[in-house]
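In what follows, a single structure is set out as structure tokens and then discussed.
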Amino acid sequence: MDDPFQRWNLTPVINAAGTMTSIGASRVHPEIARLVTGLLGSFVQMDQLQTRASAVIAAATGADAGCVTGCSAAAITQTVGAAITGLDLAAIEALPATGERECRVAVQAGHLIHYGGLVSQAVTLAGAEVVPLGSAALAETWHLDAALEQGLAALVYVISHHTVREGELPLDLVVERCHTRGVPVIVDMASEYDLLGAIALGADAVIWSGHKFMGGITSGIVAGRHDLIRATYLQHRGIGRTMKAGKESIAGAMAALELWQTRDSAIIRTRESGILDLWEQVLAGVDGLILQRHDDWTGNPITRLEVTVDAGRAGLHAWELAARLAARCPAVIVRDDLVERGIVYLDPCNLDDADARQAANAIAEEASLARSRGDGCRIYWSEAKRGREATALAWLRQDDSQA
Ligand SMILES: *Cc1c(COP(=O)(O)O)cnc(C)c1O
């Protein structure tokens, strides 16, 4: 009974969605697993481990220093806490009560996204007050200047496919304006591949998830200015205690960063492009699916297959397809953030060839079943949207057998 899927009766998952924390983020690289296993049965001084992590993070990012947090959401909270308290240990213990300290934190309105949790809540957890800049699709220099004029503890800048990029203030401009007032800029780029750009532009703290593209253990990696990183790590004596990074997280993040820098991206690209070829072959014959290769929204070197579902011809809506795939065994999970526009995306980065083939066959089969049974196109988007509350509350519901 060494297999957890058998031991605990878990449904196997084929991940055609990319790195999604809701299905276990990513496959931990075996070398990372080995290094972490080497620590699990031992003791280590956490301050020393974090000192070594700082060196690894600094070397990988070009920053002064770094530290590891429980995850990126925790890193947002702890860096904001650091911007409020500095190295004042009493202030660190007092958070989220901020007393007379400056606690306003600016975020462009189009950056106030939901990554599974809210950026705004990760900020307010530290005791800060969020000051939204501009409107959803437009932030201007005068919105930033007005906020700076009234006083800010920090500005949080988010780089993600979830943000509204139309009309946003570019990072270099934000850094320049904030620095004239001594206000630190914290960049959340949890799932972006670029380790150097934001630090090079002068960001004071930059955040990545260790468990996303890097294939590490659940963790947040923070790189940045020496004093701000010290204050970020010191939050473990305060609010950081509720979002603790254990030795496995810290070592996992260090190993992930080191390994990430030696990856052969050409080999990875070739492998992923082979999977896209395979998907196109299998799905080209499915009526009502329009296929197109789609480069990543924020410029990460990932190409996905965009599958537009013409419901009339395919026999079911995109959201019905995604739900039926997820209900299979093994569950097939696709990227569904644009299903309301009739689109699902297939992401090759967490798949081997056999799983990739199984995912494509499952899509072809669900479309064919929907057509032959005539049981698709039953659920309109408004209904699917209404169902989301029930889905959110479904866990351990009394009237449900949790199969
Ligand atoms: C995933 C993500 C987060 C949260 O990351 P965790 O490490 O899972 O807490 C925060 N911000 C962005 C932009 C993300 O993509």
Counting alpha carbon pairs within less than 8 Å and at least 6 residues apart, what relative contact order, in whole percent, applies to the chain?
21
For segment 110-222, what are Rg and Dmax over the alpha carbons, in angstrom?
13.8, 42
Of all trypsin sites (Lys or Arg not before Pro) in segment 354-383, which ones are in loop regions per DSSP and have a Cβ with at most 16 other Cβ atoms within 10 Å?
R378
Relative contact order of segment 255-312, defined on C-alpha pairs under 8 angstrom at six or more residues apart (%)
28
Accessible-area ranking of Y345, Y380, largest first, probe 1.4 Å:
Y380, Y345
Candidate span helices, the chain: DSSP H, at least 24 Å along axis from Cα coords, Kyte-Doolittle average at least 0.0, result 265-284
Restricting attention to the alpha-carbon atoms of segment 273-355, what are Rg (one decimal) and Dmax (integer), both in Å?
12.4, 34
Going by a ≥ b ≥ c, the root eigenvalues of the Cα gyration tensor, does segment 17-89 fall in the rounded group (a/c under 1.5), the prolate group (a/b larger than b/c) or the oblate group?
oblate
From highest to lowest solvent-accessible area (probe 1.4 Å; ligands, DNA and RNA excluded), E140, E389 read E389, E140
Compute, for H143, the solvent-accessible surface of its heavy atoms (probe 1.4 Å) with the complete set of protein chains present, and express it in square angstrom to the nearest 10.
60
Two-decimal ratio, the chain, of alpha-carbon radius of gyration to 2.2 N^0.38 Å:
1.05
Scattering from the C-alpha atoms of segment 174-303 alone, worked out with Debye: what is log10 I(q)/I(0) at q = 0.17 1/Å?
-1.00
Two-decimal Rg to Rh for segment 6-130 - Kirkwood Rh, Cα set
1.03
Cα-based Rg and Dmax for segment 258-315, in Å, come out at 14.7, 49
Highest-fluctuation residue, R269, R313, R386 considered, GNM on the chain with Cα pairs under 10 Å:
R386
Test of understanding: in a Gaussian network model of the chain with alpha carbons linked when under 10 Å, which of I221, I23, I207 would top the mean-square fluctuation ranking?
I23
Among S26, S219, S273, which one shows the highest mean-square fluctuation when the chain is modelled as a Gaussian network with alpha-carbon springs under 10 Å?
S273
Loop GluC sites (Glu not before Pro), segment 75-118 (other Cβ atoms within 10 Å of the site Cβ: 14 or fewer; DSSP)
E100
Using DSSP to call loops (not H, G, I, E or B), can you name the trypsin sites (Lys or Arg not before Pro) in segment 1-62 whose Cβ has at most 16 other Cβ atoms within 10 angstrom?
R27
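The values are calculated or read from the model by the stated rules, or taken from the named source; none is laboratory data. Here the structure is a predicted model, which means the values were calculated and not measured. Reconstructed Cβ throughout: ideal geometry from the backbone, glycine too, with neighbour counts over all protein chains shown. Note: areas computed on protein heavy atoms with side chains; ligands, DNA, RNA excluded. Shrake-Rupley method; radii C 1.70, N 1.55, O 1.52, S 1.80 Å.
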